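Okay, structure first, notes after.
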């Protein structure tokens, strides 16, 4: 018997002071059996930190050739390609060429992620930011994240504050680049 996805319902209030983005939304995230809670949570955080008109979560690990998060304009053209974790260099290259912007959000060891991407011939590599959350931040939230949660996300000076059903977490979001 095949395993099915686990559904998470996350009611979110977002206040990104850095970008002037304020929104309230409910997300249903499907965590595939082969996907860790940490990966799914990083997809969610990338969605929040990139939130704009036309943003959409893909199927995550089950999305095939799509990134974790996509942004499309009104014509359907991809304008942002957002990868999560330790993305494949070929996919990041393809996404960077296809979209007007590419970015990576990672919950993994940043040095390992950067070393795996360096020198791989990725289109506009110096322009692609790789965002790192503080050590243990994603793990701490993943350990207590229920399948149904009310989450407040606040961003000020690239410092991320999360309230998950009354439990508070915070971290700096550090931007790195590879060449």
Problem set entry | Among beta bridges that DSSP assigns inside the chain, antiparallel share in %, nearest 5 | 70
For this session: Based on other C-beta atoms within 10 Å, arrange 38, 116, 111 from fewest to most.
Result: 111, 116, 38
Exercise. Which whole-number percentage describes the relative contact order of segment 40-123, with Cα contacts under 8 Å and a sequence gap of 6 or more?
Worked result: 24
Exercise. In degrees from 0 to 90, rounded to the nearest 10, what is the angle of the helix 89-98 Cα long axis to the longest principal axis of the chain?
Worked result: 90
Seminar exercise, completed: the chain, convex hull of Cα, quarter of hull surface, nm² -> 10.4
Problem set entry | Relative contact order (%) - segment 6-176, alpha-carbon pairs under 8 angstrom, separation at least six | 23
Seminar exercise, completed: Put in order of increasing Cβ neighbours within 10 Å, starting from the fewest, 53, 170 give 53, 170
Problem set entry | Whole-angstrom gap from segment 58-110 to segment 23-44, using each part's C-alpha centre | 15
Seminar exercise, completed: Between the modelled labels at residue 73 and residue 28 (7 Å from Cα along Cα→Cβ) the distance in nm is 3.1
For this session: Starting from the Cα-Cα distance between residue 154 and residue 97, subtract it from 0.36 nm times their residue separation and give me the gain in nm to one decimal.
Result: 17.4 nm
Seminar exercise, completed: For segment 101-142, shape from the Cα gyration tensor axes a ≥ b ≥ c, cut at a/c of 1.5 then a/b versus b/c, turns out prolate
Exercise. What FRET efficiency would be calculated for the residue pair residue 7, residue 135, taking the C-beta separation as r and a Förster radius of 35 Å, to the nearest 0.05?
Worked result: 0.75
Problem set entry | Extended-chain gain in nm, criterion 0.36 nm per residue less alpha-carbon gap, residue 19 and residue 52 | 10.9 nm
Exercise. Compactness ratio of segment 1-102: Cα Rg over 2.2 N^0.38 Å, N = residue count?
Worked result: 1.09
Exercise. Residues of segment 124-164 with amide nitrogen under 19 Å from the 7 Å Cα-to-Cβ point of residue 116?
Worked result: 125-126, 128-139
Seminar exercise, completed: Nearest 10, in degrees from 0 to 90: the angle of helix 37-49 to the longest Cα principal axis of the chain is 80
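Bear in mind these aren't lab numbers, they're just calculated from the coordinates by the rules spelled out. These numbers were taken from a predicted model, which means no experiment stands behind them. A quick note on method: Cβ atoms are made from the backbone with ideal geometry, for glycine too, and the neighbour counts reach across all protein chains shown.
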